[in-house]
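The values are calculated or read from the model by the stated rules, or taken from the named source; none is laboratory data. Small disclaimer: the values here were computed from a predicted structure and weren't measured. Here Cβ is always computed from backbone atoms with ideal geometry, including for glycine, and neighbour counts include all displayed protein chains. Remember, those area values only see protein heavy atoms, side chains included, never the ligands or the DNA or RNA. Shrake-Rupley method; radii C 1.70, N 1.55, O 1.52, S 1.80 Å.
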Amino acid sequence: MTDQSEQLIPTSSGLRAGNRALSVMDQIREAILGGAVAAGERLNEVRLSRTLAVSRTPVRAALQALAGEGLLDYAPNRGFTVREFPLDAIVDAYEIRASLEGVAARFAAERGLSADEHAVIGRSLVAGDRLLERGSFGPGDLTTYRDINGDFHDTLLAAARNRMLAEMIRICHHVPMSSNRNIVAFEHRDVRRRHDDHHRIYEAITAREPWRAEMLMREHVSGVKASLIKSLAERGG
């Protein structure tokens, strides 16, 4: 078992410089869900507190809370380690997400988007178009696309205006690799297909076609699941 907690949240990742408003728990959670911390890695309080420039007290509280969320395991004399999720659990999380996010898209189409929600989604679609029009990706593009994808999905979930639904989807996101912040397959063809899905989903929602919006979102999340399985198989994972 490895212990790489001094490098879990490097300053180059932008988690310290770009997200100072995030709590210690949010930063560690983001590192886990974003794939910066591998399953089975041990998290060291002292090294984390040094990396995050905070005392050990908030780090300890954050680790305990994340264990409560199911992201970490705790064992006496060994401390906290990132929980390992088998592939079938990750696949199940994607299938549940497909159903729940489909319902969210339907609710958004039935209830309509606010002006701010239209604006955020519109910006994410334009930003994605610009990213893809170059034909290839460069350094930093993965982070850019992660934000684009997160803005789209998070805004549609907010537009569903259903707290219970949001909480259920949040639980799915707590399974590493199933969060919309973790982009596993980052090939131009895959991203092009996903972004085109975003356009179609948005068009269905703005046309107030709830059942079409739900179907498109279900297919979209299921397609991401298929890309993930293919990517892991190619890695021998």
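Computed from phi, the 3J(HN,Hα) profile of region 97-106 under the Karplus parametrisation 6.51, -1.76, 1.60 (θ = phi - 60°) reads 4, 4, 5, 5, 6, x, 4, 4, 5, 5 Hz, with x in place of Gly and Pro.
Using C-alpha pairs below 8 Å separated by at least 6 residues, the relative contact order for the chain is 24 percent.
Which of the GluC sites (Glu not before Pro) found in region 59-119 are in a DSSP loop and have at most 14 neighbouring Cβ atoms, other than their own, within 10 Å?
When the GluC sites (Glu not before Pro) of region 59-119 are filtered for loop state and at most 14 Cβ neighbours within 10 Å, Glu84 remain.
A Gaussian network model of the chain, with springs between Cα atoms under 10 Å, assigns the largest mean-square fluctuation among Leu165, Leu71, Leu63 to Leu165. Length, then width, then depth: along the principal axes, the Cα atoms of region 42-104 run 42, 25, 17 Å. For region 126-181, with all protein chains in place and a probe radius of 1.4 Å, 56% of the accessible heavy-atom surface sits on carbon or sulfur.
In the chain, helices alone account for a calculated mean residue ellipticity at 222 nm of -21500 deg cm²/dmol, with every DSSP H run of four or more residues adding -39,500 (n - 2.57). Heavy-atom accessible surface of region 86-157, averaged per residue, reaches 45 Å², computed with a 1.4 Å probe. Which one, Ala204, Ala104, Ala75, is farthest towards the positive end of the dipole of the chain when Lys and Arg carry +1 and Asp and Glu -1 on their Cβ? Looking along the dipole axis, the top candidate is Ala75. Here region 147-237 has an Rg and Dmax of 13.7, 43 Å, counting Cα atoms alone. Normalised by 2.2 N^0.38 Å, where N is the number of residues, the alpha-carbon radius of gyration of the chain equals 1.05. Once the mean 1/r over all distinct Cα pairs of region 124-193 is inverted, what Kirkwood radius in angstroms do you read off? One decimal place: 13.2 Å for the Kirkwood radius.
Gaussian network model of the chain, Cα springs within a sub-10 Å range: biggest mean-square fluctuation belongs to which of Gly150, Gly112, Gly138? Between Gly150, Gly112, Gly138, it is Gly138 that shows the largest mean-square fluctuation.
Looking at region 23-136 from every direction and averaging, what is the projected area of its Cα convex hull in nm²? Display every interim value, and only then the final one.
Working: hull surface 43.3 nm².
The directionally averaged projection comes out at 10.8 nm².
Using a ≥ b ≥ c from the Cα gyration tensor of region 94-140 (square roots of the eigenvalues), is it rounded, prolate or oblate, where a/c under 1.5 gives rounded and otherwise the larger of a/b and b/c decides, a/b for prolate? Don't jump to the answer; show the numbers that get you there.
Values: a/c = 3.69, a/b = 1.52, b/c = 2.42.
Oblate, since a/c reaches 1.5 and b/c is not below a/b.
Work out the length of the dipole vector of the chain about its Cα centre, built from +1 on the beta-carbon of each Lys and Arg and -1 on the beta-carbon of each Asp and Glu, and round it to the nearest 20 debye. Don't skip to the answer; put the middle values down first.
Values: 32 positive and 32 negative charges, 76 e Å.
Charge dipole of the chain: 360 debye, to the nearest 20.
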